[in-house]
Amino acid sequence: MNVRLDDLPLRDDLRGQTPYGAPQAPLPVALNVNENTHPVPADVADDIVDAIAHALRDVNRYPDREFAELRAGFADYLGQGLTADQIWAGNGSNEVLQHVLQAFAGPGRVGFGFAPTYSMYPLLTRGTGAEWVAGSRGSRFTLDPREAAEQVREVAPDVAFLCAPNNPTGTPLDLEVIEAVYDATDGIVIVDEAYHEFSPHGTPSAVTLLPGRERLAVSRTMSKAFAFAGARVGYLAADPAFIDALRLVRLPYHLSALTQAAASAALRHSAEMLRMVDEIVVQRDRISATLEALGYEPYESGSNFVLFGGVEDPAAVWRALYDRGVLIRDVGIPGHLRVTAGTEDETTAFLDALASLGSRA
Ligand code: PMP
């Protein structure tokens with residue numbers, strides 16, 4: 001007889017939970033997990049391969065546990081006078097968020113975010129034995145500083161998540177909301193800027209709010225703008241004492257020598273890596289304009305994806321696109337679907353496939 005999950009002595013608080021499960025189907029046009037669909041430029045890839053080859057010669061030894069070169073690289077990239085002792089990194093920003101929760105959440109504590117938001121926040125929070133409480137958003141998924149602070153004051157979370165811009169809605173977040181939420185709690189406030197590079201040029205980062213706010217952390221990832229999702233590199237900026245807290249929960253040598261070498265090499269080419277961002281933003285805006293012309297209701301997006309409403313039967317539209325070789329995301333918001341901005345060709349394939357289902361206008 002097959003053993004079922006229920007037959008195992010699983011933690012009670014994990015029973016009945018569902019793992020993260022975005023479909024990984026081998027379709028020609030995959031626009032479902034907000035990756036950067038442009039490959040790493042060939043000359044940059046060559047340099048990364050050289051760096052990995054070099055690191056491989058010492059791979060019999062454990063890597064630099066403090067990943068000093070990489071932290072200096074991230075401090076430099078983020079600017080704002082940040083120093084390496086204010087930087088942390090992990091295998092994807094998911095791991096960085098998990099470190100934050102392991103240090104500051106855990107049994108008897110509470111994690112909080114404004115739903116709908118990134119689906120991993122509750123999973124990661126509960127994974128540490130903490131409780132997840134979901135707050136709510138205003139019209140068109142926006143957050144108002146006063147109302148957001150009120151909700152946070154009421155819940156008094158140990159860790160509050162602010163996703164800027166928000167996944168899955170794309171909604172930009174004003175710094176005033178972050179300031180208000182920070183002032184409304186004694187807990188940790190983590191601003192997830194996974195998609196920051198796709199926001200309009202000059203959009204201020206929450207990194208500018210770090211001085212004097214030792215409970216604030218700002219996380220980023222190389223998975224999106226840097227086209228590095230497969231390498232698994234995310235990072236965070238916070239007070240050096242905050243970084244010390246994360247050292248208590250990380251596994252020794254959690255960032256492999258190969259990951260460190262690859263990420264440092266990619267960072268040295270950040271200008272070239274980020275050149276793709278402008279093109280993706282053009283495709284994102286084209287998606288929004290075309291969706292509107294087709295009679296759908298796209299939301300403002302500061303990210304590399306667009307959430308759109310006005311979808312009568314999201315499951316049916318998702319399936320019809322799937323059958324046409326285009327994979328997008330049903331994020332579980334009734335009447336809505338989400339699509340990642342791809343290359344010009346991929347974006348055209350999506351828009352043509354959607355249009356072929358008939359205009360809603
Ligand atoms: N934060 C947000 C808002 C995301 O959308 C994602 C990926 N979808 C992540 C964090 C995690 O990305 P990664 O672990 O690849 O850095």
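The values are calculated or read from the model by the stated rules, or taken from the named source; none is laboratory data. Quick caveat: nothing in here was measured; it's all calculated off a predicted structure. Cβ: placed from backbone, ideal geometry, glycine included. Neighbour counts: every protein chain shown.
Observations on the model:
- Gly73 modelled with pLDDT of 95 or more, in a helix (DSSP H, G or I) and more than 24 Å from Ala22 (Cβ to Cβ): yes
- Scanning the range 208-224 for residues that are of a type in the set (Lys, Arg) and closer than 15 Å to His196 by Cα yields a total of 2.
- Single unsatisfied condition, Pro116 versus (1) assigned to a helix (DSSP H, G or I); (2) within 14 Å of the ligand (Cβ to nearest atom); (3) over 17 Å from Leu248 (Cβ atoms): (1)
- All conditions in (1) part of a helix (DSSP H, G or I); (2) modelled with pLDDT under 95; (3) surrounded by 11 or more Cβ atoms within 10 Å (Cβ to Cβ) hold for His54, with the sole exception of (2).
- Check on Ala160, under 21 Å from Ala237 (Cβ atoms), within 16 Å of the ligand (Cβ to nearest atom) and part of a loop (DSSP other than H, G, I, E, B): no
- Among (1) in a helix (DSSP H, G or I); (2) in contact (Cβ under 8 Å) with a residue 60 or more places away in the chain; (3) closer than 19 Å to Asp239 by Cβ; (4) out of contact with any Lys or Arg (no Cβ under 9 Å at 6 or more places or on another chain) - the single one Asp85 does not satisfy: (4)
- Selection over the range 25-37 of residues that are over 18 Å from Leu351 (Cβ atoms) and either touching a Ser or Thr at 6+ places or on another chain (Cβ under 7 Å) or of a type in the set (Val, Ile, Thr) (or both) gives a count of 2.
- Yes/no for Ala266 being within 16 Å of the ligand (Cβ to nearest atom), touching a residue at least 24 places away in the same chain (Cβ under 8 Å) and touching a Ser or Thr at 6+ places or on another chain (Cβ under 7 Å): no
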